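The values are calculated or read from the model by the stated rules, or taken from the named source; none is laboratory data. All values reported here derive from a predicted model rather than from experimental measurement. With ideal geometry, Cβ positions are generated from the backbone for all residues, glycine too; neighbour counts draw on all protein chains shown.
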Amino acid sequence: MQNSAGRDARQTRDFLSARRVVALAAQEIHEFVKLMKELSLQNDFYRKAGARSIVPPDQKSQASNVLQRVAAGDQTAAKDCIDKYGALIWSIAKKLTSSDGDAEAVTQEIFLNIWHYAARFEQTGFSELLFIMIIARRQIRVYLEKTNQSIKSIN
């Protein structure tokens, strides 16, 4: 009887622990979705204002496979990757960290992780942008945990 009560208590504790994990994950997803919506609105604003792609049409096919080129060790791919995604990564890092120094440090960490994981890109089936955003989100979270900070609220 006591063994059954202990098992029930463990199951209840495990269930409550799992609920907390799910609640935290849901909160993080909510914050991430809010950020992506905001970035999408900014992108729409610039598009409506007449902004054009910074990548010339003849280079679009080359630019769309930056991660494949990084994985292959192409020397120009690093610069192309920074040119293509640097402003986006910086703006996300700046929005979620407390200072320019933190944003700069985490941006560097994100690009180091992009170089490190570029070879895995094709296996995921994700778009290049989604793959990079997943790395950015994870690295910002790791950086903030390492420096005992919390993600700035996105309003």
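In table form, for the structure just shown:
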quantity: Qualifying residue in the range 90-102 (condition: surrounded by 12 or more Cβ atoms within 10 Å (Cβ to Cβ) and over 15 Å from the mean Cα position of the chain (by Cα)); calculated: yes
quantity: From the options PHE126, PHE111, PHE121, residue that is closer than 18 Å to ARG69 by Cβ and modelled with pLDDT of 90 or more; calculated: PHE111
quantity: Selection within the range 82-100 - aliphatic (A, V, I, L, M) and in contact (Cβ under 8 Å) with a residue 12 or more places away in the chain; calculated: ILE82, LEU88, ILE89, ILE92, ALA93, LEU96
